[in-house]
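K.L.:
Have a look at the structure that comes next, please.
The values are calculated or read from the model by the stated rules, or taken from the named source; none is laboratory data. This one's a predicted model, so the numbers in the text were calculated from it and none came from an experiment. Here Cβ is always computed from backbone atoms with ideal geometry, including for glycine, and neighbour counts include all displayed protein chains. Protein only, heavy atoms only, side chains kept; ligands, DNA and RNA dropped before computing areas. Shrake-Rupley method; radii C 1.70, N 1.55, O 1.52, S 1.80 Å.
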Amino acid sequence: MTVQSTVETVFRMESARIIATVARIVRDVGIAEEIAQDALVSALEQWPRSGVPERPGAWLTAAAKHRAVDLVRRRETYARKLAEVGRTLTEASYDPEPSGPGDIDDDVLRLVFTACHPVLSAEARAALTLRLVGGLRTDEIARAFLVPEATVAARVTRAKRTLAREGVAFEVPYGEERAARLGSVLEVVYLIFNEGYAATAGDDLLRPGLCEDALRLARGLAVLMPEESEVHGLAALLELQASRTAARTGAGGRPVLLAEQNRRRWDRLLIRRGFAALARAGDGRSYGPYALQAAIAACHARAASYEVTDWATIAALYGRLGVLAPSPVVELNRAVAVSMTEGPAAALPLVDALADEPALARYHLLPSVRGDLLERLGRTAEARAEFERAAALTRNESERALLRARAAEGEPGDRRPGSPSRGPADGA
């Protein structure tokens, strides 16, 4: 690995913490992101000459903090700013304790709540948080929302300007204000995990660092808001999905579909944590959308094998989810579950009904699922064409290789049901 690629990899892993640390000092997430980028440029200039530091993440953080402190000192309001950030502010360290029982000593969590302030639109909150916390590029965020890149870029730029103009505090809020931001916070944690669980683009199927960040945030929210059912529902969903990580790829990073996964490689500790979190989410009859998705994941976790999975319950849960949070992706998931209970012939019309959905126009898993159903019906040539179309749509190299392999096989059979969703709702 070259020094440049090392710098870029480390920055991608550490950017959220760097931006959050700097934002606590400068109180402006837009400026914090610029300072973090300056630290990246310094690393690109210095590391080729001096070598990669033993702790590269700490080096980048220290460089960014140094710039942040210099910026504060240059401001005319330095004395007031210094009082706000505390007398312990130095170039080397700034690590205060939580100020109250409802606080969490976690800059990244503060960054999430700041980016999810109600002065921003729901779309802007999600895009900004994915950018700052998830470290996603504009094109990756656009893919997650199925919107043009230019739309996402405009949302992020406007969001940073709005937060600065309104003087939004860098903090985890209390009471009603905290509750008002919760839905957006849960959504972006979910989307960050989504991108880690099945990367939009690149060579690898997984981006484990994003999954770990999302899990840590979900667990922190569960501590912060123990009375909120959907917080526990999201935590349960992420724990259960993360439990399959080791089994989801094979040799050379090749994706392994759910039907073929070695369930002995599923992490039993994470499964137990997921079950416990789902129990804290309350009565199953009152589940919200995240808890319903966690219940679907729990059905898979309880099954000793793919063949004995309770697909009827999964189909019913997707039906309930479609009422609470209707979307074409949920309907695509439900169609797969229906195919496992009633057969591919029953599911194919459900998938065909989604063909004209604008949000799925470039969603590669729509033709992937359709190809699977056609293959199971023995319509091999049509299935091959669908897998080729799906391969052309995806930008993830691991997924593309799998889809092309399925197109090349061209053999009818029901051994590999498709996985319709890239994210935690799927069951893959």
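K.L.:
Check Thr249: other-chain or 5+ apart residues with amide H under 5 Å from its amide H, H built from backbone geometry?
P.N.:
For Thr249, the qualifying residues are Val256.
K.L.:
A follow-up question, please. Could you work out the helix-only [θ] at 222 nm for the chain, with each DSSP H run of four or more residues adding -39,500 (n - 2.57) and the total divided by the number of residues, to the nearest 500 deg cm²/dmol?
P.N.:
On the way: 19 runs with 277 residues, N = 428.
It comes out at -21000 deg cm²/dmol, rounded to the nearest 500.
K.L.:
Calculate how steeply helix 268-280 sits against the longest principal axis of the alpha-carbon atoms of the chain, using the helix alpha-carbon long axis, and give the answer as 0 to 90 degrees to the nearest 10.
P.N.:
80
K.L.:
Quick check: the distance between the Cα centres of segment 294-312 and segment 1-52, to the nearest angstrom?
P.N.:
42
K.L.:
A further question follows. Which whole-number percent is the relative contact order of segment 1-56 (Cα, under 8 Å, 6+ apart)?
P.N.:
On the way: 30 pairs, mean separation 24.2, N = 56.
Value for segment 1-56: 43 percent.
K.L.:
Between the helical axis of 397-409 and the dominant principal axis of the chain, each derived from Cα atoms, what acute angle in degrees is found, rounded to the nearest 10?
P.N.:
With rounding to tens, the tilt is 10 degrees.
K.L.:
Using a 1.4 Å probe and ignoring any ligands, DNA or RNA, find the accessible area of Ser50 and quote it in Å² to the nearest 10.
P.N.:
90
K.L.:
Please list Met225, Met13, Met340 from largest to smallest accessible area, probe radius 1.4 Å, with all protein chains kept in place.
P.N.:
My answer, sorted largest first, is Met13, Met340, Met225.
K.L.:
Can you tell me which of Arg404, Arg74, Arg178 moves the most in a GNM of the chain? Springs connect C-alpha atoms under 10 Å apart.
P.N.:
Of the options given, Arg74 has the highest mean-square fluctuation.
K.L.:
Taking Cα centroids, how far is segment 235-284 from segment 53-71 in Å?
P.N.:
Centre-to-centre distance over Cα atoms comes out at 36 Å.
K.L.:
Shifting gears a bit: Carbon and sulfur: what percent of the chain's accessible surface (1.4 Å probe)? Let's see the in-between values first.
P.N.:
Numbers: 9600 of 18440 Å².
Answer for the chain: carbon and sulfur cover 52 percent of the accessible area.
K.L.:
Need one number: nm distance between label points at Ala154 and Thr249, each 7 Å from Cα along Cα→Cβ, rounded to one decimal.
P.N.:
So the label points at Ala154 and Thr249 sit 3.6 nm apart.
K.L.:
Compute the acute angle (0 to 90°) between the alpha-carbon long axis of helix 122-132 and the principal axis of greatest extent of the alpha-carbon atoms of the chain; round to the nearest 10°.
P.N.:
Approximately 70 degrees, to the nearest ten.
K.L.:
On to the next question. Could you work out how far apart the two model spin labels at Glu260 and Glu177 are, taking each label as a point 7 Å from the Cα in the direction of the beta carbon, and quote it in nm?
P.N.:
With each label placed 7 Å out from Cα toward Cβ, I get 5.2 nm.
K.L.:
As a test of reading the structure, rank Leu40, Leu234 by solvent-accessible area (1.4 Å probe, protein chains only), most first. Before the final figure, lay out each step's value.
P.N.:
Details: Leu40 25, Leu234 0 Å².
Ranked from most to least accessible, the order is Leu40, Leu234.
K.L.:
Contact order normalised by length for the chain, with contacts defined as Cα pairs under 8 Å and 6 or more residues apart; what percent is it?
P.N.:
It rounds to 12 percent for the chain.
K.L.:
Given the protein chains as shown and a 1.4 Å probe, how many square angstrom of Arg384 are accessible, to the nearest 10?
P.N.:
Around 100 Å² of this residue is reachable by solvent.
K.L.:
Oh, and also: Which sequence of Lys160, Lys65 reflects their accessible areas, 1.4 Å probe, from the largest down? Present the calculation step by step, with values, prior to reporting the outcome.
P.N.:
Working: Lys160 50, Lys65 20 Å².
Result of the area sort, largest leading: Lys160, Lys65.
K.L.:
Apply 1/(1 + (r/R0)^6) to the Cβ-Cβ distance of Asp352 and Arg74, taking R0 = 41 Å, and write down the FRET efficiency to the nearest 0.05. Provide the component values of the computation, followed by the final result.
P.N.:
Values: r = 62 Å, r/R0 = 1.52.
Once the sixth-power term is evaluated, E becomes 0.10.
K.L.:
May I ask you to compute the full-extension gain from Leu324 to Glu45, defined as 0.36 nm times their residue separation minus their alpha-carbon distance, rounded to one decimal in nm?
P.N.:
Result for the pair: 95.3 nm of gain on full extension.
K.L.:
Can you tell me the accessible area per residue over segment 193-296, all protein chains present, probe 1.4 angstrom, in square angstrom?
P.N.:
Numbers: 4010 Å² over 104 residues.
With all protein chains present, segment 193-296 gives 39 Å² per residue.
K.L.:
With a 1.4 Å probe and every protein chain left in place, tell me how much accessible area Asp310 has, in Å² to the nearest 10.
P.N.:
About 70 Å², ignoring ligands and nucleic acids.
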